[in-house]
1. Considering only residues that are under 32 Å from the mean Cα position of the chain (by Cα) and within 13 Å of chain A (Cβ to nearest Cβ), which ones fall in the stretch B:104-125?
2. Can you tell which of B:154, B:140, B:214 is in contact with a strand residue (DSSP E or B) (Cβ under 9 Å, 6 or more places away or on another chain), in contact (Cβ under 8 Å) with a residue 24 or more places away in the chain and farther than 30 Å from residue B:235 by Cβ?
3. Hey, residue B:160 hits all of (1) touching a residue at least 12 places away in the same chain (Cβ under 8 Å); (2) surrounded by fewer than 22 Cβ atoms within 10 Å (Cβ to Cβ); (3) in a loop (DSSP other than H, G, I, E, B) but one; which does it fall short on?
4. Would you tally the residues in the stretch A:220-250 being assigned to a helix (DSSP H, G or I) and closer than 21 Å to residue A:107 by Cβ?
5. Does any residue of the stretch B:287-310 turn out to be under 30 Å from residue B:222 (Cα atoms) and assigned to a strand (DSSP E or B)?
6. Looking only at the stretch A:161-179, decide whether some residue is under 23 Å from residue A:321 (Cα atoms) and touching a helix residue (DSSP H, G or I) at 6+ places or on another chain (Cβ under 6 Å).
7. Determine whether residue A:253 is over 20 Å from residue A:498 (Cβ atoms) and touching a helix residue (DSSP H, G or I) at 6+ places or on another chain (Cβ under 7 Å).
8. Exactly one of (1) facing chain A (nearest Cβ under 9 Å); (2) in contact with a helix residue (DSSP H, G or I) (Cβ under 8 Å, 6 or more places away or on another chain); (3) part of a helix (DSSP H, G or I) is unmet by residue B:97. Its number?
């Protein structure tokens, strides 16, 4: 009871350091000439960054890419959510899979698989098309803004769906019913009543996708850079990855605009979601809306949804596995099958850097997620159970990093780590990871804490349990499910982490996603695919182990007697 | 074990306003009785309970449990709840969902590091007492509301505390179960010879269960008395009104006569109990409960007898609820379902001088 204020303060210092340090260092760095002359004020980097003749093009590309992705993801999510909650389409479990599973496929692998399908020279789909129609024109050139939007939109579909679907199912159907009673057709009702009422959720989803695609690095680097199409994130990357001439001051100055844009958008998003709470009416009676009968549309729609889930989930994994067995990319044919071998796998497993990156990513995933979860437990406890002004500050602080683009934060951390012995160590990567992905741990844990009603603690105290005994026997066991899902989320994020790592990773601290990016840059698609499949296997394995451990733990309490 | 509370103060600040949840409460709760804190919501009864248990820290005053001082602002003493040795049943029962019935009930003994055999024996005994034998391995989430309530009671009793506290334990049960559980609880507590402190806002519950009732209002204790005394002859207008339906009739004391007084009221002179000894000529209220108003077709010559008219008569199943007009005054009454009165009938109204009483206004 008397220790709580100090706990809150300690956490504010830790979380405040993690979230604000990179931002402050970024700001200071953007006004510095280079690492050596840190602290000597200069605006030269800003002048260089924003008078660059290419900058206008990059800005236009960024706007088209982010807004296009937002439209793509949101329209698709709207369609899926409507079909799921409001029609009698069979096999609805597909929607749950569509909304969750793609999060398990790392973005860089998803992008790579689309490049393998649709690149203009030897993309599998393009080749099939050329052979079929005996033409030399590719069906679709993925190395374009259109291609980037296609892939990014699919990647952000789950996020858009998770925002729109609940709003759609919480929607009070009597609003629609009254419109129909007034004589409006189904279509008219959809456009005049349903969509306008859902507007805040739709806008919120669009804005969140804009923020995500602004921060996206996998798609712009794997899909955009080969076509020389640069957006803000790849423009920053270009300035720090060019060997000897890396300019972190310039990168920081460019990064500031991405950071400001992102924070502004998240602010608008927060405002909109607060609004939508007032807007969307949740009827307290738990009745189900009458489902729209699809009749003859049933099977065409089912085919569309089926294709979409195939494209989102199975296709990337299949393509990667197929390519991993081939010496070079080619469409499926008798010849292709005759050339299949495990050579790429053998090479990857004998490549010291790939093995090192595997070891490093595993270490970061397991140790980092464990530390991150421990921090999340304390932070969630303070946020949920101690409702003071200070805990409010902690809450805002811990969700702030959600709006920071990863590569920008990476540059900020770089300015910090280069001044410490942590530079080029796994610890530096781990600190960066935890800072960036803290919200992923806090969210499941704070909902777990919310479910632990205070009387469950109080009754333990009255029964003679000291605060520590109560923690051990009551609070921790009830928290286990939240701890497990927080750990899984963080571990799978850390295993695949790319955007922060491309900045902070140094020789010796390579990680999986960076190694995959190197393979993509060198055109070693076979090895990329083999390593990618290994990465997917490991993260699935981690998820399974964590889930098993979680169910063991929650049963333990009953067995222990 | 006796509980003594001296000058207890607890203030909340909410939206810039200071709310006194406990306003200098002095109270002695006698040993081995069922003591109820009754009052409307927000009167401070739950705060008082939580201060006794130690879940809430008062702003001033002293609390003794038996001879032990468990809280004193001045002497800087705060004994945490786990070392006060009390048992408590929460409103939501607070059964731990991740444990089965055995572990829930054994918990207080496990905190004392008691031998496993001993624990098993005591849990079996207390589960038998609350009639839950054979439910040991049932997960807590697979219990009905009534069963959860008994598990909570068993958990509160298993360590054989000298004092057990109840925070509205019946309010989550449906009406029928609540009545049954109330009777059971009464017989459990009488059998145990234990000090029980019971918080409720339900007057029927308070009347049916308690040996003593303390009625609270805005952080103060208004009256402490036995249920019958509170119901039939309360000292305060608030308590009389809160504890049951009451007709309050304004008037002045006209004549004193031992325990009784003659009261000049809007409906005429009334002979009534005057246990508060309200002096001659004083303005006061007459309190008559609906169930003590007798109706008849013909007026007989007796004390407190008046002519009236049936204004409304509503059938509510077990009785009629009627409104009788005497002059300008409307009296609420309960009429037997077999009575053959109709709305608009002229009628004789009477009530016994021992069943109505005067309240200072």
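1. Listed by number, the residues that qualify are B:104, B:105, B:106, B:107, B:108, B:109, B:123.
2. It is B:140.
3. (1)
4. Residues in the stretch A:220-250 being assigned to a helix (DSSP H, G or I) and closer than 21 Å to residue A:107 by Cβ: 17 in total.
5. yes
6. The answer is no, given that none of the residues of the stretch A:161-179 is under 23 Å from residue A:321 (Cα atoms) and touching a helix residue (DSSP H, G or I) at 6+ places or on another chain (Cβ under 6 Å).
7. yes
8. Failing condition for residue B:97: (3).
The values are calculated or read from the model by the stated rules, or taken from the named source; none is laboratory data. Source: prediction; values computed, not measured. Because the Cβ atoms are built from the backbone with ideal geometry, glycine has one as well, and the counts that use them run over all protein chains shown.
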